[in-house]
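The values are calculated or read from the model by the stated rules, or taken from the named source; none is laboratory data. Predicted model only: the values in this text are computed from it and were never measured. Reconstructed Cβ throughout: ideal geometry from the backbone, glycine too, with neighbour counts over all protein chains shown.
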Amino acid sequence: MKTPLISMTAAVMAATLSMAVADPVAIAPTPKTGSEDWSKGDYLTGNWGGLRDRLESDGLHFFGFYTMDPAGNVTGGKRQGATYVDDWYFGATLDLDKLIGWTGGKFTVSGINRDGPSLTKGYVGSQFDVQQCYGGQNVFLYGVFLEQKLLDDKVILKLGRFSCSDDFNASPLYGYAMNNAFNGDIRNVLFDTQFSAYPFSTWAASLRVNPTPETYVQLGVFQNSDRQWDAHNNGLNWDIRNEDGVFAIGQIGWTPEFWKRPVSSPDGKSAPEMKGLPGHYWIGGSVSTWEYPQFGTSVKATNSYGFYAHADQMVTQEQPGSDQGLTVWTAGGLYPQQNIAIMPWQVNVGLNYKGLFPGRDDDHSMLHVAYGQFSSDYANTVEAAGNGRPQYEMVVESGHRFAVTKFAYIQPDIQWIINPAGAHRIPNALVLGAQIGIIF
């Protein structure tokens, strides 16, 4: 049976599509695949003969992304071998203001399809997953939510089904990594608590307030469930049970620009703008009321809590106002409950340079290092099972993302996994691979 939200979405999409097709003025010639106009566009599928622009102006935005992570363990680890995993993310956003006059409203529905076997489980043996597209290999209905902006966009309310990783503890810089120690969120938050993350969504609500252009405060409440990570329900089990818990999170952020200088407008006519070196800083914390399994006992803990922080700062700029240059970043997570946390402490550092090589202005070169420390209680259970005593695991990753077009990239990648699983029983592993991404 269709829910009212899905029915409304289907009706609006169908009406908007028929309206766009019925207007011959909106249809423009489609650039041929491989042509210069096509290669300079934003999408692999082009502008659909002008239909995409028409739909956008009427309030309907379609999106589709494909990411693939082929990788091989060439030495060390559990054994040598190679796998590939991939991720399709697709959906539509409805601008309700344009469609039905609902000021500040947007409705989004999205889906995910993931495929492929894990290189980490079969060949590397590490705690951190070396392929960010692994996890929840199935087809999912993902996001179904309403977003409402108020008070000149200073207040944003979001309600529906989505994951905590969509809005909290995440940075675009993390997406330039292939290893899940970096990609997505500071990873120990997922090891140690019920932090919901892509591709698994839950019932949720979040509120973001932007008191100034450089500061924000956001709060979120998310459903906890023992079926939260079940890859077999396809995102279709929407019930709320008595045994479910609540995950509450808060984050405070600051987005300054340092050493501002006047920057002339591209047309040379408008007054110069003051622009500097951008940075992003935030701290956050969460608490969860739910029954968490404790290591070495059948008695469950009744809550979880912890903290995280992030800082990134552009430190060099090729010219005033440019987004080309070097950005330095770091992130850390502390979930101190040794009885329930696999990895209470993790810290990441990274360098990201946009446009390092002449003539490659949109490429990104990056170097990342992650360190995660295992909890003593978790180590006790592993040691008792005869598998050594986990202490720490480290990842060093480097790559270069070649921007082939605006809609496609390929990123050769190398990872050095130090002390996989933390117990000095698995040899250090060298993983070679690539990330490949396409926007449809």
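To keep it simple, each residue is scored yes or no on (1) under 19 Å from Asn210 (Cα atoms); (2) free of Cβ contacts under 8 Å to residues at least 12 places away in the same chain; (3) out of contact with any Phe, Trp or Tyr (no Cβ under 7 Å at 6 or more places or on another chain); (4) of a type in the set (Ser, Thr, Tyr).
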site: Asp115; (1), (2), (3), (4): no, no, yes, no
site: Tyr123; (1), (2), (3), (4): no, no, yes, yes
site: Ser126; (1), (2), (3), (4): no, no, yes, yes
site: Cys133; (1), (2), (3), (4): no, no, yes, no
site: Val139; (1), (2), (3), (4): no, no, yes, no
site: Gly143; (1), (2), (3), (4): no, no, no, no
site: Leu157; (1), (2), (3), (4): yes, no, yes, no
site: Met178; (1), (2), (3), (4): no, no, yes, no
site: Ala181; (1), (2), (3), (4): no, no, no, no
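Pick from Thr302, Thr327: which is surrounded by 19 or more Cβ atoms within 10 Å (Cβ to Cβ), assigned to a strand (DSSP E or B) and in the same structural domain as Gly175 (by TED's automatic domain parsing)?
Thr327
Here are some residues: Trp282, Trp290. Which one is buried (at least 18 other Cβ atoms within 10 Å of the Cβ) and more than 18 Å from Asp185 (Cα to Cα)?
Exactly one residue qualifies, and that residue is Trp290.
Scan the range 160-167 and tell me whether some residue there is part of a loop (DSSP other than H, G, I, E, B) and in the same structural domain as Val287 (by TED's automatic domain parsing).
Within the range 160-167, one or more residues are part of a loop (DSSP other than H, G, I, E, B) and in the same structural domain as Val287 (by TED's automatic domain parsing).
Starting from the range 212-230, keep only residues that are within 14 Å of Tyr292 (Cα to Cα) and modelled with pLDDT under 95, then list their pairs with residues that are part of a loop (DSSP other than H, G, I, E, B) and not hydrophobic (A, V, I, L, M, F, W, C) whose Cβ atoms are within a distance under 6 Å, requiring at least 6 positions of separation or different chains.
Once the first residue is within 14 Å of Tyr292 (Cα to Cα) and modelled with pLDDT under 95 and sits in the range 212-230, its partners that are part of a loop (DSSP other than H, G, I, E, B) and not hydrophobic (A, V, I, L, M, F, W, C) give Asn224/Gln194; Asn224/Asp244; Ser225/Asp244.
Filter the range 339-398 down to residues that are farther than 19 Å from Ile426 by Cα, part of a strand (DSSP E or B) and touching a residue at least 24 places away in the same chain (Cβ under 8 Å), then give me how many there are.
Selection size over the range 339-398: 16.
Give all pairs with beta carbons closer than 8 Å in which a residue from the range 402-422 that is at positive phi meets a residue that is part of a strand (DSSP E or B) and hydrophobic (A, V, I, L, M, F, W, C); count only pairs at least 6 apart in sequence or on separate chains.
From the range 402-422, the pairs are Asn419/Met394.
For the range 44-56, state whether one or more residues are among the small types (Gly, Ala, Ser) and within 28 Å of Gly235 (Cβ to Cβ).
No; the residues of the range 44-56 include none that is among the small types (Gly, Ala, Ser) and within 28 Å of Gly235 (Cβ to Cβ).
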